[in-house]
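Written below as structure tokens is the structure these notes are about.
The values are calculated or read from the model by the stated rules, or taken from the named source; none is laboratory data. Given the structure is predicted, the values throughout are model-derived calculations rather than measurements. Positions of Cβ are backbone-derived with ideal geometry, glycine not excepted, and every protein chain shown enters the neighbour counts.
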């Protein structure tokens, strides 16, 4: 009987410890994700189809929009400042004009909202999966592959192949994130940080999957 009681107490204690760890992990993920979402503004461009022509057009439209928004936000110190300067009608006009100039007549849909994103690496900075505010541009039927990048801080023109994000962009990130979040997305060496990143990534992907099935 004593052994049974010990087993019972051990089982209850194990469950409580597990629940504590789970709740702590969820609280950590929510805090990190909220801070990242509040500090980062992204661009999401969806091509008409996966044909080479439509994918090439997507990149041309992307470059025109990034050039325009970067000019608007060159002095912005926060994503709120950048968003305030964005005129969706102007973005739509730029996209539509670029499409016509390249020989197509696709419609364009432009909006700013909160959307799900997969984990994405920009040089030596990695953003975990989650929900982020973004400028979304849909070209034509919007059935082709996506393009994701970060418009604030400006990482859209980062040379990913070099594996290095410019110092200025990193400074902008540091200014808009606390040390925990910045370390999480920039430290690729520490095993402890890698584990935390994986936890954030896993729980956020679960949240995205649940949201998409509603």
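Test of understanding: among 27, 33, which residue is assigned to a helix (DSSP H, G or I), within 19 Å of residue 199 (Cβ to Cβ) and either modelled with pLDDT of 90 or more or in contact with a strand residue (DSSP E or B) (Cβ under 7 Å, 6 or more places away or on another chain) (or both)?
None of the other options fit; the residue is 33.
In this structure, is residue 66 touching a residue at least 60 places away in the same chain (Cβ under 8 Å) and surrounded by 13 or more Cβ atoms within 10 Å (Cβ to Cβ)?
Yes; evaluated as a whole, the condition is true for this residue.
If a residue must be in a helix (DSSP H, G or I) and either crowded, with 18+ Cβ neighbours inside 10 Å or at pLDDT below 90 (or both), how many such residues does the stretch 41-62 contain?
Number satisfying all stated conditions: 5.
Among the residues in the stretch 123-133, are any in contact (Cβ under 8 Å) with a residue 12 or more places away in the chain, in contact with a helix residue (DSSP H, G or I) (Cβ under 7 Å, 6 or more places away or on another chain), exposed (fewer than 14 other Cβ atoms within 10 Å of the Cβ) and at negative phi?
no
Residue-by-condition table, conditions (1) more than 18 Å from residue 39 (Cα to Cα); (2) surrounded by fewer than 17 Cβ atoms within 10 Å (Cβ to Cβ); (3) at pLDDT below 90:
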position: 71; (1), (2), (3): yes, yes, yes
position: 74; (1), (2), (3): no, yes, yes
position: 91; (1), (2), (3): yes, no, no
position: 121; (1), (2), (3): no, yes, yes
position: 164; (1), (2), (3): yes, yes, yes
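Yes or no: residue 85 over 20 Å from residue 168 (Cα atoms) and modelled with pLDDT under 90?
When the stated conditions are applied, residue 85 does not pass them.
Among (1) more than 30 Å from residue 194 (Cα to Cα); (2) surrounded by fewer than 19 Cβ atoms within 10 Å (Cβ to Cβ), which single condition is residue 145 missing?
Unmet for residue 145, out of (1) more than 30 Å from residue 194 (Cα to Cα); (2) surrounded by fewer than 19 Cβ atoms within 10 Å (Cβ to Cβ): (1).
For the stretch 168-182, state whether one or more residues are modelled with pLDDT of 75 or more and within 18 Å of residue 116 (Cα to Cα).
no
Can you confirm whether the stretch 81-91 contains a residue that is out of contact with any helix residue (DSSP H, G or I) (no Cβ under 6 Å at 6 or more places or on another chain), more than 26 Å from residue 127 (Cβ to Cβ) and part of a helix (DSSP H, G or I)?
yes
Which numbered condition trips up residue 139, out of (1) modelled with pLDDT under 75; (2) touching a strand residue (DSSP E or B) at 6+ places or on another chain (Cβ under 7 Å)?
It is condition (1) that residue 139 fails.
Could you grab me the full set of residues in the stretch 100-114 that are touching a residue at least 24 places away in the same chain (Cβ under 8 Å) and either crowded, with 17+ Cβ neighbours inside 10 Å or at positive phi (or both)?
Within the stretch 100-114, 106, 108, 110 meet the criteria.
Is the stretch 152-161 home to any residue that is closer than 20 Å to residue 42 by Cβ, surrounded by fewer than 17 Cβ atoms within 10 Å (Cβ to Cβ) and touching a helix residue (DSSP H, G or I) at 6+ places or on another chain (Cβ under 8 Å)?
The answer is yes; a qualifying residue exists.
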